[in-house]
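Student: Before I ask anything, here is the structure I am working with.
The values are calculated or read from the model by the stated rules, or taken from the named source; none is laboratory data. Keep in mind that what you see is a predicted model, and the values were worked out from it rather than measured. Using ideal geometry, Cβ is built from the backbone for each residue, glycine included, and neighbour counts are taken over all protein chains shown. The area values use the complete protein model at the heavy-atom level, side chains included, leaving out ligands, DNA and RNA. Shrake-Rupley method; radii C 1.70, N 1.55, O 1.52, S 1.80 Å.
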Amino acid sequence: MASYRIAVLGDKDSILGFRALGLDTYPVDTAEQARVTLHRIARENYAVIYLTETLAVELEADIARYKDDLTPAVILIPGKEGSLGIGMNNIKTAVERAVGADIL
């Protein structure tokens, strides 16, 4: 049985605290570094990849590639700048797809 892990990808200041929780952190400085890292860790044994919303704006097509796959689940989180509302919109859309109606 495979043992899945959880990764957090984003700028150093936004993700550093997740390391204290035992999650694997991947600090990046540019969207291109994030793109390469996202695809690399998606091929590894990660069930969940948390990604800062700031980077997600620039990686929409890359994130969409994993949208219908069982793993990894790419979950957007606010960065140090605060929430852009993208993560919550994605959750709302996923719930609507699953349930067939907007229940949030």
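Student: Do we have VAL8 as crowded, with 18+ Cβ neighbours inside 10 Å, within 13 Å of the chain's Cα centre (by Cα) and modelled with pLDDT of 90 or more here?
Tutor: Numbers: crowded, with 18+ Cβ neighbours inside 10 Å: yes; within 13 Å of the chain's Cα centre (by Cα): yes; modelled with pLDDT of 90 or more: yes.
Yes.
Student: Of all the residues that make up the range 11-30, how many are open to solvent by less than 50 Å² (accessible area, probe 1.4 Å) and either part of a helix (DSSP H, G or I) or in contact with a helix residue (DSSP H, G or I) (Cβ under 6 Å, 6 or more places away or on another chain) (or both)?
Tutor: Result for the range 11-30: 5.
Student: Only residues that are under 12 Å from VAL8 (Cβ atoms), assigned to a strand (DSSP E or B), out of contact with any Lys or Arg (no Cβ under 6 Å at 6 or more places or on another chain) and open to solvent by less than 60 Å² (accessible area, probe 1.4 Å): list them for the range 34-79, please.
Tutor: Correct list: VAL48, ILE49, LEU51, THR52, VAL74, LEU76, ILE77, GLY79.
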